[in-house]
Structure formats: structure tokens, C-alpha cells
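Undergrad: Let me give you the structure first, and then I'll get to my questions.
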Amino acid sequence: MNNRLINSLLSAILLVSCSSNPDLYKDPSQPVAKRVESLLEQMTLEEKLGQMNILVMGKSDNLNNTEDREGRKLTPEIGAFIYYDSNVDSANELQRRAVEESRLGIPVLLGHDVIHGYRTLFPMPLAQACSWNRDLTYQAARIAAKESYMSGLRWTFSPMLDVARDGRWGRVAESYGEDPYTNAEFAKIAVEGYQGENLSDKYSIAACLKHFAGYSYSQSGRDYNPTDVSDLSLWETVLPPFKAAIESGAATVMSAFNDLNGEPIASNREMLTEVLRNKLGFDGFVVTDWRSLEQLITQRVAADSLDASVMALKAGNDMDMYDYIYSRFLPTALERGVIDMKPIDEAVRRILKVKFELGLFESPYTEKVSDEDRYLESESVETAKSFAEESMVLLKNKNNTLPLKSDIKRVLLAGPMVDDRINMMGTWQSHGDQSDVVTIYDGLKAEFGDRIDFTYIEGASFLKNSDKLMSNFKCSAQTTDMIILALGEQAKWSGENGAKASLDLPESQVQLIVEGAKYNKPIVVLTSSGRPLALSNIEPYVDAIVQMWQPGLYGGEAVAGILSSRVNPSGRLAITFPYTTGQLPIFYNHRANARSAWGASQGSYRDAPTEPLYPFGHGLSYTEYEYSSLKVSKNEFIKGEKVTVSVDVSNVGEMDGKETLLWYVDDCVASISQPIKKLKHFEKRLIPAGESETFSFEIDPQRDLSFVDRDGVSHLESGDFYIIVKDQRIKITLLD
Ligand code: GLC
């Protein structure tokens, strides 16, 4: 008997047992499935369509807001809101209307883009990945969930799992970088952090996996552009993070804006139902991205809004973000017989299921707590500080310029980021407050006290330097011991709709570097950005580069700690820094160039190197680690057996340090050519100076040595594999 028949029989049994007791859905002791059916069978079409909307609220604290931005009546039947306020009274008033003024009292679901914290802001997700710290990622998600929950939210539109390899695309900032395994690992942790042990627990909020799928392949890096993604790339790169996060129990998914190979995701039943639900096993609800249904007309697959509403519903979008298109057009589609109630009931079932699982019916209201008691708790602040410290990446440190030596008494400070607040917080700032930010200037002053005399030449903007600034700069550069330039991008230059055609630093910032280099003083560049930067044009002029990313509230303190050696930098790149923008897309896990064995002249550029400036995994430390005794539990093994590879790592320097081991697999020969290496395990651990640690990677061949084909079918083939860690590799052989 097939699943469909079983489900129909189950629904019929449920219906019979529910119709006798219309209040069954209010009974928390009943199974969620029964509660859903009990409620669904009582709902009118208008009530059902109401649940299939998410509108916007909270642009003001006006409790009497009864219309959304488009002047639409905020009826108690609206299922959800993007809720911008942190005002619990407004949230509770919205909830009161839904619970007390609607016929069936279905609570409303309030969500928001809590991407890297609510009020306590952590580094951007791309930076988080560069920390390689699972614990910090989990703690940050838990804190974000708690602060959100205490502000009336039960849903965040996070984590974003779009594997991003083209730094021109601004949303690379919100991803966990270029590698599918890395995105999968951090996605699982984020989901577990947001959703906690149980969705109905206090401080648990629903996660939302986005953007399903292929959005990061936006042509030429321009947001909202079409995407061409091969089936093999879908299964090999795009879908694994979603698969992993679905297995972690993610409650919701957001469908993406992009046209995927000519079929926009918002109307793509193959992706939203066949792949997402039937192959990946997702059983929550799908919310569309902002106005993506109306966009189906612009994307030239829908003739009008009625067309778009039907296509989107049939594809598998359960909730419509902002367009209100289901409420406006599905009644007509029903009258015309273009659709029946089945897909509508299915969509409402999924939405109600999540609301029951969240415990919204039992506890719809939010306890009012003061700001002091819900934000910036001391542990949250400590977590945010550690995260900022561990996500920063020391890219260059010529002649151990850093940390600052005792003979450095005068430092010249310049650049647009020195006393910046707003851009340090990055894009999607949720309720981050500039006044909470520790600027670089504040951080340095607090860290070094009177030990160093900082001369800060103010006035550098992101895009130009005044003559006055330059003359002051030149004058002070004569007498300083070191120049520190805090440079980079504005937060709005990355994030949504934040594409850039060049990853270079702006000309004015390059000018400061080139000018500073004339005085033969050590130059340290601190860069803040939401994307990888192309730094080859400034690298020769500088002695040290620290990539700060957009570190959240405490970047100033973190980078000061790195400059003083209070913090031993431990970040490693989760995305490649190209030599030049023209190399994009460039990523470590690429397939072989047909002539890569013929020497560097083959398959190269006439005007640039083929290698990046800083590769995936790059990151310097103040100490040295030596790897030795790489060994394997067995060189030959058969299917079903596991193999453990281990290596000893010694900290041979003078400073304690946290080392991240990145374990790769190289599947030398396969029926489908495999990337030259694939990250399959990582671990970060503190190694005190002078001590050693043994790290190991237990290889599960089916998980770690298999590959997928264009249909998503996994293959494990016998043959040789190399396990790679740092610059060492060891062969293992899977026998027939
Ligand atoms: C935006 C973004 C999406 C976000 C949503 C709600 O357009 O694409 O990531 O969650 O709208 O703000």
C-alpha cells in the first residue's frame, strides 16, 4: 500500500475521530496530527487563506496599528507577521486579537530576520564559519533565540545555507562560505541552537532554512539574477546543507527568489515538493521569500497574479510573504475549478502543525521583561566577544609585525573603520544598538592604555580622503612608529542586494596604504567586510593584515586583543580570497583542470595567477604547530568497515593557541570526476605552548568517501583515497 493511500486512510480515521469533538484541537494532550485535523475541519476558506499569509507589523509601537504598509486590514485571521518591534506589548496585542477576536482563536506566528543575534550581535555567519567553533555557534544561536523569544518572536528566518563561491554576490556574508560540508555542519548547529531540545520549550524558536535553492549561483553575482545550476551541482553542493539541517528537524524552509534553469523556485514543484519533501524528507512549512510570488510575473512564467497564485500553491509554497496573493486570487481559482481545496488544506495543515509544535496555543503571550533583563546578559556578551576574537583571520604577518612589540610607542591610526559603529555590526542588524558597539579606537585605547600614544587622523570616508586628512596623515607618518589603517566596506555593500563588481578596496583606501608605505614604517591593515576581498594590489605595501569581517558588537575589543597578543588569532578562511575579482568564482573544492598536470603555463590566465591570494583554510597564528605521525588504523578496508586516521599536533611556539584541523578526502579516480579535495571533518582545540594533542578523524566510508550523481544517488566505489590534513596526506584503499 503506497504512502499516499496510507496518508488518506490516516486522515480519514483522524477526521472521524475529530468531528465528534470540535474542541479537541485545544487539548494539548492530543497528538499534534489530531489537533491539526480537528481544527482544519472547522475552518472556513477565508480562515484557511488567512493562515497562508505573512504580513508586516511593528514599524511603530502604535498598538492601534490595524493596517499593514499596503493599507491591508490586519484581520485576526492573518497567520503570521514579520515583526520588527521589540515591544512586547505590541506583540501581545497582535496575539490577543488573533486568540481572542478570531472565531477559532488560532495564535499568530511572529518572525524576523535574526541572522547573527537579536540585540547581542555576533559576527556575520561567514565570519562565524571562519571561527570553526561549533560551541560558539551553538551558544550564539541559543542566545539569539532567547532574546528573540523574550521580544515576542517564535521564528527566525535563519540559517542561510546558500553555499557561496562568488564574492560579488552580497549575500555571501550571510552564508557559511564556499564549502557544502562546512555549511551543513554550521546549519545543523544553528537549527539545534534556535530550536533547542523541543520547539515548545521556553526560549525555543523555529528555524527557517533559506533560500531553497541555488540562489547563490546568481549570474555575475547580481542579486535576483537567474541561476544555471547543473543537477550534479545541485546534489553535490547546493542541497547537502539543506539535507543536514532538515535531518536536524528544521521547522520551516524559505523558498528562494531565483529562476533555477528557467523555472523560478517559487513555481518549481520539482524542487519544492519532489526534492524538498519527497527526497529530502522535509515536513514543515514553506514560506516564500519577500514578494517572490508577484515576481513570477516579472520572471515571465506567470501571466498575472491569479496565474502566479495557482503556480505557487501547486509548487508547494504554503505561506505567502507579503503579497497577500493567495487571499486575493485563490477564491477565484477555486470558483473556476483551476484548483481544489486539497493543496490549500495541505498548506494549512503544515502551518498549524508548526504552531502546535511551538506550543503557541498553550502559551501565545510573551512575558514582559525589562531590556536589562532580556538583552546583553554577561554570558551573552562573553560569547559575542569570544566569537569576534575567534572569527578574525590573520592573513599576513610579515616578520612577525604582530603582536605589537614593546618598542612601538606611537601609532598613527586612520581609515573609515577606526571609530565606526554601524558597519561593524554588519548587515541584518536586527535590534543591534550602535551604542553597544566597542569601536576599534575604543578597543585599542582600552587595551593599550598609556603604553601607546595613538594619533587618530579623523575624516577618512569609505570613498574619499580630504586634502586636510592627507596632509595630517603625511605629517604624522613622519614621526610615528607604526601605521594602523582600519579599512573595508560599508555594511550595505554586502548583504541582500549588495552586489559588487569588484572585490578591491576603494581607491581612497588604497591611496592611504600607498601613501603610508612611503614612510618606511610597519603598516598594519585591519579590514572589515561581509565578503572576501581582493587584496593583491595592497598586499605588497603592508606588513600585516587582519580580516575582521563584520564582527558584531565587540570587534574593537577583539582586534585590540589580537594586536596586543592577549588573543592568539585562530580564524581560518571558510571562503577563498581571490588574487583578483576576475578569478571568480574560485573555490578550493574544484574539479581538475584538464591540463593541470602539464605545468603552470597550461590553463592559466595571461594577466593573473590562477592561485588565489589567500586560499580556503588560510589563517596565521602567533605560535607554530607541527604535525607529525599521521597514521591510519588500516590501509585497506572493505565496505562497512570504518577507518580512523590520526595525527599529532605540537604547539612548538611560546603562546597557547587554538588550532583547527581541516580533514580532507581526495578521491583520486571515480566514475564521476571528484573535486581535487573535499572537506569532510574539522575540529578545533586549544593546545598549550609546548604541548601536543592527538587529533583523529573516524572515517565512515558511506558518509565520507561516497559521492552523488546528478540524480542525487550516492555511490561508494572501491579504490584509493588520500586523507589530507594540513600538508600531509595518507593513502587508504577500499577493496572490492
Ligand atoms: C528578504 C530576504 C530574506 C528575508 C526576507 C524577510 O528579501 O531575501 O532572506 O528573510 O526577505 O525579511
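Values in this text are rule-based calculations from the coordinates and carry no lab data. Not measured: the values here are computed from a predicted model. Counting neighbours? That spans all protein chains shown, and the Cβs are built from the backbone with ideal geometry, glycine included.
Undergrad: What does region 275-358 give for Rg and for Dmax, in Å, if only its C-alpha atoms count?
TA: Over region 275-358's Cα set, Rg and Dmax evaluate to 12.9, 38 Å.
Undergrad: Next question, about the same structure. Measure of size requested: the Rg and Dmax of region 452-594, with Cα atoms as the atom set and Å as the unit; please supply both.
TA: 16.3, 56
Undergrad: Which three numbers, in whole Å and largest first, are the semi-axes of the equivalent ellipsoid of region 376-480 derived from its Cα gyration tensor as √(5λ)?
TA: Output for region 376-480: semi-axes of 27, 20, 13 Å.
Undergrad: Still on this model: In 5 Å bins starting at zero, report the fraction of Cα pairs in region 219-259 per bin as a rounded %.
TA: Computed distribution, short to long bins: 6, 19, 21, 24, 19, 10, 2.
Undergrad: Still on this structure, please answer the following. So what's the gap between the Cα centers of region 491-531 and region 433-447, to the nearest angstrom?
TA: Each part's Cα centre sits 20 Å from the other's.
Undergrad: A further question follows. Would you mind estimating how fast the chain diffuses translationally, via Stokes-Einstein at 37 °C and 0.692 mPa s with the Kirkwood radius over Cα pairs, in µm²/s?
TA: It diffuses with D of about 120 µm²/s by this estimate.
Undergrad: While we're looking at this one, here's another question. By the scheme Lys and Arg +1, Asp and Glu -1, what is the net charge of all other residues having a beta-carbon under 12 Å from that of Trp169?
TA: 0
Undergrad: Using θ = phi - 60° and the Karplus relation 6.51 cos²θ - 1.76 cosθ + 1.60, list the HN-Hα couplings for region 368-383 in order, rounded to whole Hz, with x at every Gly or Pro.
TA: For region 368-383, the Karplus-derived couplings read 7, 10, 5, 4, 4, 8, 10, 10, 6, 4, 4, 5, 5, 5, 4, 4 Hz, x marking Gly and Pro.
Undergrad: OK, next. Taking 2.2 N^0.38 Å as the expected size of a compact globular protein, what ratio does the Cα radius of gyration of region 61-201 give against it, to two decimals?
TA: Against the compact-globule rule of thumb, the ratio is 1.19.
Undergrad: For Asn400, what is the net charge nearby, where nearby means another residue's Cβ is under 15 Å from its Cβ and Lys, Arg count +1, Asp, Glu -1?
TA: Overall, the nearby charge balance is -1.
Undergrad: Would you mind counting up the charge near Arg277? Only other residues with Cβ under 12 Å from its Cβ, with Lys and Arg at +1 and Asp and Glu at -1.
TA: Neighbourhood net charge equals -2.
Undergrad: Pull up all non-local amide H partners of Ala689: gap of 5 or more, or a different chain, and H-to-H distance under 5 Å with H placed in the peptide plane.
TA: The answer is Asp656, Gly657.
Undergrad: Pull up all non-local amide H partners of Ala460: gap of 5 or more, or a different chain, and H-to-H distance under 5 Å with H placed in the peptide plane.
TA: Excluding prolines and chain starts, which carry no amide H, the hits are Gly415.
Undergrad: Then there's this: State, to one decimal in nm², a quarter of the convex hull surface area for the C-alpha atoms of region 84-165, i.e. the direction-averaged projected area.
TA: 6.5 nm²
Undergrad: Through the Karplus equation 6.51 cos²θ - 1.76 cosθ + 1.60, θ set to phi - 60°, convert the phi angles of region 169-179 into ³J(HN,Hα) values in whole Hz; use x for Gly and Pro.
TA: My calculation for region 169-179 gives 6, x, 7, 4, 4, 8, 8, 9, x, 8, 10 Hz in order.
Undergrad: Could you tell me what percent of the DSSP beta bridges with both partners in the chain are antiparallel, to the nearest 5?
TA: Within the chain, antiparallel bridges account for around 55 percent of the total.
Undergrad: I'd like the distance separating the alpha-carbon centroids of region 116-167 and region 591-608, in whole Å.
TA: 39 Å
Undergrad: Taking the number of other C-beta atoms within 10 Å as the exposure measure, put Asp373, Asp162, Asp720 in order starting with the fewest.
TA: Ranking Asp373, Asp162, Asp720 by Cβ neighbours within 10 Å, fewest first, gives Asp373, Asp720, Asp162.
Undergrad: Would you kindly calculate the translational diffusion coefficient of region 238-300, applying Stokes-Einstein with the Kirkwood radius from alpha carbon pairs, for 4 °C and a viscosity of 1.567 mPa s, and quote it in µm² s⁻¹ without decimals?
TA: 107 µm²/s
Undergrad: Here's something else I'd like to know. By count of other Cβ within 10 Å, fewest leading, how are Cys130, Cys475 ordered?
TA: Ranked by crowding around the Cβ, least crowded first: Cys475, Cys130.
Undergrad: What pairs from Lys409/Lys468; Lys385/Lys518; Lys188/Lys658; Lys492/Lys684; Lys634/Lys678; Lys48/Lys492 go past 29 Å between their alpha carbons?
TA: The pairs that break the limit, which is 29 Å between Cα atoms, are Lys385/Lys518; Lys492/Lys684; Lys48/Lys492.
Undergrad: To make sure I understand the rule: partners must be lysines, Cα under 16 Å from the Cα of Lys631, and not fewer than 8 residues away in the same chain. Which ones qualify?
TA: Candidates past the 8-residue exclusion: Lys642, Lys726, Lys731.
Undergrad: Once the cut-off is 15 Å, how many percent of the Cα-Cα pairs in region 150-234 end up in the long-distance tail?
TA: 61 percent
Undergrad: Cα-based Rg (one decimal) and Dmax (whole number) for region 564-723, in Å?
TA: Gyration radius and largest Cα-Cα distance of region 564-723: 18.3, 52 Å.
Undergrad: Please order Met124, Met425 by the number of other Cβ within 10 Å, starting at the fewest.
TA: Lowest to highest Cβ neighbour count: Met425, Met124.
Undergrad: If you don't mind, there's one more thing I want to ask. Can you give the log10 of the normalised intensity I(q)/I(0) at q = 0.11, 0.21, 0.29 Å⁻¹, computed with Debye over equal Cα scatterers of region 548-612?
TA: Cα-only, vacuum Debye calculation for region 548-612: -0.46, -0.90, -1.29.
Undergrad: Using amide H atoms built in the peptide plane, which far-off residues or other-chain residues are under 5 Å from Trp155 H to H?
TA: Correct list: His112, Ala206.
Undergrad: Now a separate question. What value does region 193-303 have for Rg/Rh, both radii from Cα atoms and Rh as Kirkwood defines it?
TA: 1.00
Undergrad: Compute the whole-percent fraction of alpha carbon pairs in region 122-185 spaced more than 14 Å apart.
TA: Across region 122-185, Cα pairs with separations above 14 Å total 59 percent.
Undergrad: Using θ = phi - 60° and the Karplus relation 6.51 cos²θ - 1.76 cosθ + 1.60, list the HN-Hα couplings for region 343-349 in order, rounded to whole Hz, with x at every Gly or Pro.
TA: Running phi through 6.51 cos²θ - 1.76 cosθ + 1.60 with θ = phi - 60° gives x, 5, 4, 4, 5, 5, 3 Hz.
Undergrad: Once you have the alpha carbon radius of gyration of region 30-122, what is it after dividing by 2.2 N^0.38 Å, with N set to its residue count?
TA: Compared with the compact-globule rule of thumb, region 30-122 sits at 1.18.
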